[in-house]
Each structure stands twice: as structure tokens, then as C-alpha cells.
Amino acid sequence: MTHDLLTLLRQTTLVELNHAYEEFMPVWPTHGKFFCSRAEDYSAGDGNYNCQLSLGDHCGTHVDAPVHFIEGGKTIEQIDVRQLTGRGRCLDMSHLAENADITVEMIQAWEADKGEIVAGDIVIFRTGYDNKWRCRPHQAEFLKNWPGLSGEGAHYLTKKGVTVLGTDAMSLDRYSNDAHPAHLAVLGSDCLIIENLANLQNLPSEFIFMALPLRIKGASASPVRAVALLES
């Protein structure tokens, strides 16, 4: 059994879906920034090299736990990580105008062309905003005007049994929607949100998705290493 699984894995193509973690990487202005400093170094006579990290739990490519918007919701170490492995469905919405809503009708039109989204699918929206990712001081275009999922679209997918939704933008909700209906619908259904994904242009409409968060007690989110596995 183990040999068969290893053989299958080695026959797949792995697609990296993460941005690199680096100093001056773009983060939402009110969130903790990323810092990496040398704790020990050869040049200091320490005989080894290691780093000390400081970052907000929503830095970079990350997964939101329900508690992020739902008081009393699950924190990141309480989620079932098996939710974050499954059949991925990548919906290309990169043609949408800035600040547009992804509607139920758009999702249904995609399903009519690519196949129905079913319970357990991990639904990822490609907005094209990963191409705007820039480190400070050039981050402004990435931090504004992205399209996002409507509240009705979020309810439609969670009612179908989708428990993980993702985007390559800063937030699943569109930029100017301060009511955060998609966050409330998804996290309020005990589901998860992945944000700041990358390289979605390299994905077909169907693939295997995997992302594992750090087990941080009491955190509202965690960085992840997200990958897609494709048939070679």
C-alpha cells in the first residue's frame, strides 16, 4: 500500500501555489509584518546559522480559521487538516473587472462548462491578482480593487458541501465590501478560507490540492505551504 502511494505521488507534477516569505512582502496594513533576523551566524563565531522569525498569522499564503470572523469559532489548531487535502477546482475569474463580485450565476456557468462542483471539493478562484504581488514600497496595486466572492456565491458553495474556498487575492471578499459577506458565510459554516495563493494560471480546472497549516494554539490563521498535484 505504501509503495503504491509513493509510486502514484512520484508520477505527479507538483505546482507551487505559495508566494515566498520575505521581508517587505505585502500584508494588509493593520496586520503584523514579516521579519527574518539572524539569531546565530558563522560571521559572529556561533558555528552555525539560524534565524528568528516574526510575522502576523495572516502573512503571505495562509488559511483563515473560523474564529477570524466568528467569535467562539475554531482556532487554527482545532481545525481538521484533512479538510485541506482534496480535489481542487480552479475557477478562472481573471477576466472580471476590478472590484467585481463573483456571483452564483458565474459559478453555475463555469459548472455547466467544466463539471459540477460537489461536496468535498476545494474551490479556488483565480483573479490574476498574484501577478500584482510586489514587495514594499511597490505593493499598492496588490492591496486594492481585487474581485471577490459574493455572499450569495459563498452560501451556494457551502450548501453544496464545499468546506474550503481560496483566492489569489488578499481577501476572498472583494476589496470594497466592508461587510465581509463571504467571510461570514464561509467561516460561519465552520469552513476555511485560503488567501494569497500564487501560480493559479498553471492549474487545470481539476487537480489534487494540499495545504498544511502550522499548529499554533489560539491563532486565527496560519501560513501554509500549498501545492497542487497534476497527472504527468
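The values are calculated or read from the model by the stated rules, or taken from the named source; none is laboratory data. It should be emphasised that the depicted structure is a prediction, and the values quoted were computed from it without experimental measurement. Every residue, glycine as well, gets a Cβ built from its backbone with ideal geometry; the counts of neighbours run over all protein chains shown.
Quick notes on this structure:
- Checked against (1) surrounded by 12 or more Cβ atoms within 10 Å (Cβ to Cβ); (2) under 19 Å from the mean Cα position of the chain (by Cα); (3) of a type outside the set (Lys, Arg), Asp80 passes all but condition (1).
- Across the stretch 173-217, the number of residues qualifying as under 26 Å from Leu230 (Cβ atoms) and of a type outside the set (A, V, I, L, M) comes to 12.
- Filter pass, Lys74 being in contact with a helix residue (DSSP H, G or I) (Cβ under 7 Å, 6 or more places away or on another chain), at pLDDT 95 or above and not in a helix (DSSP H, G or I): yes
- Residue match in the stretch 1-14 (condition: part of a loop (DSSP other than H, G, I, E, B) and either touching a Gly at 6+ places or on another chain (Cβ under 8 Å) or surrounded by 14 or more Cβ atoms within 10 Å (Cβ to Cβ) (or both)): no
- Counting only strands (runs of 3 or more DSSP E) that sit completely within the stretch 110-204, zero hold 1 or more residues that are within 19 Å of Pro223 (Cβ to Cβ), more than 17 Å from the chain's Cα centre (by Cα) and of a type in the set (S, T, N, Q).
- In the stretch 109-159, the residues that are in contact with a Gly (Cβ under 6 Å, 6 or more places away or on another chain) and surrounded by fewer than 14 Cβ atoms within 10 Å (Cβ to Cβ): Ala119, Gly120
- Residue pairs whose Cβ atoms lie under 6 Å apart, sitting 6 or more positions apart in sequence or on different chains, and linking a residue in the stretch 92-117 that is under 15 Å from Thr167 (Cβ atoms) to a partner that is of a type in the set (A, V, I, L, M, F, W, C) and not in a strand (DSSP E or B), are Ile102/Met93.
- Taken together, Ser171, Ser222, Ser176, Ser189 contain a single residue that is surrounded by fewer than 24 Cβ atoms within 10 Å (Cβ to Cβ), in contact with a strand residue (DSSP E or B) (Cβ under 7 Å, 6 or more places away or on another chain), among the hydroxyl-bearing types (Ser, Thr, Tyr) and under 26 Å from Ala100 (Cα atoms), which is Ser171.
- Residue pairs whose Cβ atoms lie under 6 Å apart, separated by 6 or more positions or on different chains, with the first residue in the stretch 209-220 and more than 23 Å from Leu91 (Cβ to Cβ) and the second charged (D, E, K, R) and crowded, with 18+ Cβ neighbours inside 10 Å, are Ala219/Asp57; Ser220/Asp57.
- Every residue from the stretch 155-185 that is over 21 Å from Leu17 (Cβ atoms) and among the small types (Gly, Ala, Ser): Gly161, Ser176, Ala179, Ala185
- For the stretch 91-108, the tally of residues that are surrounded by 12 or more Cβ atoms within 10 Å (Cβ to Cβ) and not in a helix (DSSP H, G or I) stands at 11.
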